[in-house]
Amino acid sequence: MAISMSKKKSKPSKKLETKHHQFSDTLLFKFLNRIPLAIFLLILIFLWSSSTTIISGKFVHVCVSSRKLNNLYCLSAGTQPNFEIPIPALNNNISTGIKEVVDIVQEVPDPIVNNGSDGEVAFAVKVVEQQLQVQRSWISNKDHVTSCDGKGIYVYDLPSKFNKDLVGQCGDMIPWTNFCKYFNNEAMGEPLVKLGKGWYHTHQYALELIFHTRALKHPCRVYNENEAKLFYVPFYGGLDILRWHFKNVSNDVKDTLGLELVKWLENKESWQKNSGKDHVFVLGKISWDFRRKNDDVSSWGTRFLELDQLQKSIKLLIERQPWHVNDIGIPHPTYFHPHLDDDIITWQLKIIRSNRTSLVSFAGAARPDAPQNIRSILINQCNNSGTNCRFLNCSSGGCDQPESVIELFMDSEFCLQPPGDSPTRKSVFDSLVSGCIPVLFDPFTAYYQYPWHLPEDHSKYSVFIEQEEVRKMKVNIIEKLKKVPLREREDMRRYIVYELLPGL
């Protein structure tokens, strides 16, 4: 995990030096002079742990802790303006509102602060990995539910402004795209006849609608709140965000619908009973889009998931916030929606027999405004490798047709999956359903995201290359992938096709 620490000390000005001399003559300075060295060092350690700089991939995080905040929050400069990544505080006072996370953190001794960057890396990894173990423990061990007794799911019939009315704004939600076509066929989009049965032109932000449609048909759905074990809230929060992003509106306007929903829920006895702990939200955009910290009018997203009332509820998102155990990462919607087992079997046979003529492929675009992003390096290495690598340029419309992307991945052994505006990529799941082995460069792209769908041993289905190695030009990706033995590739592909694909 590429996280390193750096400390920058600014040179004191002459004014500060003068003030320092004046201060040294005061009684306070004489008093401080008497403080034992050990106590002074402890104070320094506390101050050091309260303000730090973290470099993780393409992001630079300047983090400050405060008693007013539950977590150590970092203002991050990346490809997305005002992108924020919270990380856990390095002491026993951390509180995320989730008991399991507190228990994890309390197992880590305070002296870890003295271990420098390696200690902080170990701490961060420990917290995330143990969080994922907690989330994995929530998976049912039963393959099929034989009875719905005690497993009733209640689907709220929300006022239309929270879902249906948002769909009705599909025509002008984004200036250059008409979303309406993506909401056909129960939000799966238009059929992709060329790819076969079960394939649709599904938009990556359609998760909320797809999930809602399926929840309404769930065999364990109940219509009496008193019979429910779980309450699903079909709020299309992702569409709510999208409709305001390209319009000049205040943050109060952006937050209005989410606040109205919370007020609506708080009047329900079913919510009051457990303070929303047994309620589930499914949100079709990344967690950061719902955790706005900056009140600047140009700031992206809402603060929906930062509301106190939602801290106990379960949130299913295409990209989770790594330090909130109630954020559960679930895959981006792919283009493949099989209706029958036979549809899956037919596709498995097709891609396992596919003649993969390209060693490597990359479908994406460069990030010229983000010099720390490794995409340009990967594109150059790909273009300079001759026939070993194929590049599909998404910036020129090359990825607008799903058939082009899927056919490229079906023709490739390895698919490069560098981070973009955030760590995760829909393309990771497009490559998996195409039998192409994903090459990852950031553990938060998949490994620390999807505990219900991807195994703990990521070497079974992917290749990991540290992005810092790429950034420093220490590795040629094509040459490195050439060295992966053919038997190892075949084992990974079989695991992807027969073990992972049906669950995705």
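The values are calculated or read from the model by the stated rules, or taken from the named source; none is laboratory data. Please read these numbers as outputs of a predicted model, since none were measured by experiment. For neighbour counting, all protein chains shown are included, and Cβ atoms are generated from backbone atoms with ideal geometry for every residue, glycine included. Heavy atoms of the whole protein, side chains included, go into the accessibility calculation; ligands, DNA and RNA do not. Shrake-Rupley method; radii C 1.70, N 1.55, O 1.52, S 1.80 Å.
Less than 5 angstrom separates the built amide H of Ile328 from those of Lys315, Leu316, Leu317, all sequence-distant by 5 or more or on a different chain. Modelled this way, with points 7 Å down the Cα-to-C-beta line, the labels at Phe246 and Asn267 are 3.5 nm from one another. In percent, rounded to a whole number, the relative contact order of region 365-443 is 24, using alpha-carbon pairs under 8 Å and six or more apart.
Hey, any idea what % of region 341-503's accessible area is carbon plus sulfur with a 1.4 Å probe?
Values: 3130 of 6780 Å².
On region 341-503, the fraction of accessible area on carbon and sulfur atoms equals 46 percent.
Model label points for Asn178 and Leu307, set 7 angstrom from Cα along the Cα-to-Cβ axis, are 3.4 nm apart.
On a per residue basis, region 341-503 carries 42 Å² of accessible surface, using protein heavy atoms and a 1.4 Å probe.
With a/c under 1.5 counting as rounded, go ahead and sort region 153-329 into rounded, prolate or oblate using the C-alpha gyration tensor (a ≥ b ≥ c being the square roots of the eigenvalues; past the cut-off, prolate if a/b is larger than b/c, else oblate). It comes out oblate by the Cα gyration axes.
For region 127-254, the carbon plus sulfur part of the accessible surface works out to 51%, probe radius 1.4 Å.
Straightening the chain between Asn393 and Ile352 buys 12.2 nm, computed as 0.36 nm per residue apart minus the Cα-Cα spacing.
At an R0 of 25 angstrom, the distance between the Cβ atoms of Lys474 and Asn384 translates into a FRET efficiency of 0.90.
Near the amide H of Ile174, within less than 5 Å, lie the amide hydrogens of Phe179, all on another chain or at least 5 residues away, with H placed in the peptide plane. Ranked by the mean number of other Cβ atoms within 10 Å of their residues, highest first, the peptides 484-490, 128-134 fall in the order 128-134, 484-490. Under the combined filter of DSSP loop state and at most 14 neighbouring Cβ atoms within 10 Å, region 273-378 retains none of its chymotrypsin sites (Phe, Trp or Tyr not before Pro).
Each peptide in 194-203, 406-415, 368-377 was scored by the mean count of other Cβ atoms within 10 Å over its residues; highest first, the order is 406-415, 194-203, 368-377. Our estimate of slack between Asn185 and Tyr498, defined as 0.36 nm per intervening residue step minus the Cα-Cα distance, is 110.0 nm. Distance between the 7 Å Cα→Cβ label points at Lys161 and Ser147: 4.4 nm.
Going by average Cβ neighbours within 10 Å, how do the peptides 386-399, 308-321 rank, with the highest at the top?
Order by mean packing, descending: 308-321, 386-399.
Per residue, the accessible area of region 153-329 comes to 44 Å² when a 1.4 Å probe rolls over the protein heavy atoms.
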